[in-house]
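Asker: Take a look at the following structure, please.
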Amino acid sequence: MNIQINTSNSEQILEHLTKCDLLFVPALSERTDLQEYSIRLEMRATRIEIFEKTKLVGLVAAYFNQGEDVFITNVSVLPNFQGKGVGRKLMQRLFAECNSRHLKSIVLRVGKENRPAISLYRGLGFEVNSREVNLGEEIEMQKDLI
Ligand SMILES: CC(C)(COP(=O)(O)OP(=O)(O)OC[C@H]1O[C@@H](n2cnc3c(N)ncnc32)[C@H](O)[C@@H]1OP(=O)(O)O)[C@@H](O)C(=O)NCCC(=O)NCCS
């Protein structure tokens, strides 16, 4: 499976997020309208993707702001493809993208109880920089690149 960048369209993203929805902690659709979010990702986010044929299997999406940091808005892997290193591979591809743009840090927010995701991020060098965001439901994590 090859990694691609910015080839997914909002329909593929919506199909992917709908299949992953209940694996987010809490469910993604509790926090956002999946259709609007998918369109926003296609239009505004940098997307690191793994496909199987036309099916979007894994997606990391990030907003490259004008400053020196990056905000990761989504990390997701289809249930049948989890636990095979896909999430880690996508994140590492994002790091390479950040390094080539000489960016300083990457920030993300994750549900407090989302153990698989927190474990993934810790293993990649992220550290907690705030324990209380979004009314205490999420923590914020950061990885410094330089
Ligand atoms: C979090 C998620 C992206 C991980 O993707 P993945 O492809 O399964 O992860 P990988 O196979 O690359 O695993 C990398 C590391 O993540 C952690 N991890 C992955 N699945 C885990 C699980 N079920 N329990 C605990 N840790 C887990 C481990 O630290 C693992 O490293 P290891 O294999 O050396 O133990 C995936 O579980 C997912 O899509 N979850 C639903 C969406 C979500 O919650 N996204 C995060 C939003 S902030």
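Nothing in this text is a laboratory measurement; each read-out follows from the coordinates by a stated rule. It should be emphasised that the depicted structure is a prediction, and the values quoted were computed from it without experimental measurement. Virtual Cβ from ideal backbone geometry, glycine too; neighbours counted across all protein chains shown.
Asker: When the convex hull of the Cα atoms of the chain is projected onto a plane and the area is averaged over all directions, what value comes out in nm²?
Answerer: Mean orientational projected area (the chain, Cα hull): 8.2 nm².
Asker: Further question: Do the alpha carbons of any pairs in 89/112; 19/104; 19/143; 53/104 sit beyond 31 Å of each other, and which pairs?
Answerer: Pairs exceeding 31 Å: 19/104; 53/104.
Asker: OK, next. So what's the net charge close to residue 56: Lys and Arg +1, Asp and Glu -1, counting the other residues with Cβ under 11 Å from its Cβ?
Answerer: Residues close to residue 56 contribute a combined charge of 0.
Asker: If one computes the Cα centroid of region 83-146 and of region 11-54, what distance in Å separates the two points?
Answerer: 18
Asker: Using the beta-carbon distance between residue 146 and residue 1 and R0 = 30 Å, what value does 1/(1 + (r/R0)^6) give for FRET efficiency, to the nearest 0.05?
Answerer: 0.50
Asker: Given R₀ = 25 Å, FRET efficiency for residue 31-residue 131 by Cβ-Cβ distance, to 0.05?
Answerer: Plugging the Cβ-Cβ distance into 1/(1 + (r/R0)^6) gives 0.85.
Asker: First select every other residue whose beta carbon is under 13 angstrom from the beta carbon of residue 123; then total the charges, Lys and Arg +1, Asp and Glu -1.
Answerer: +4
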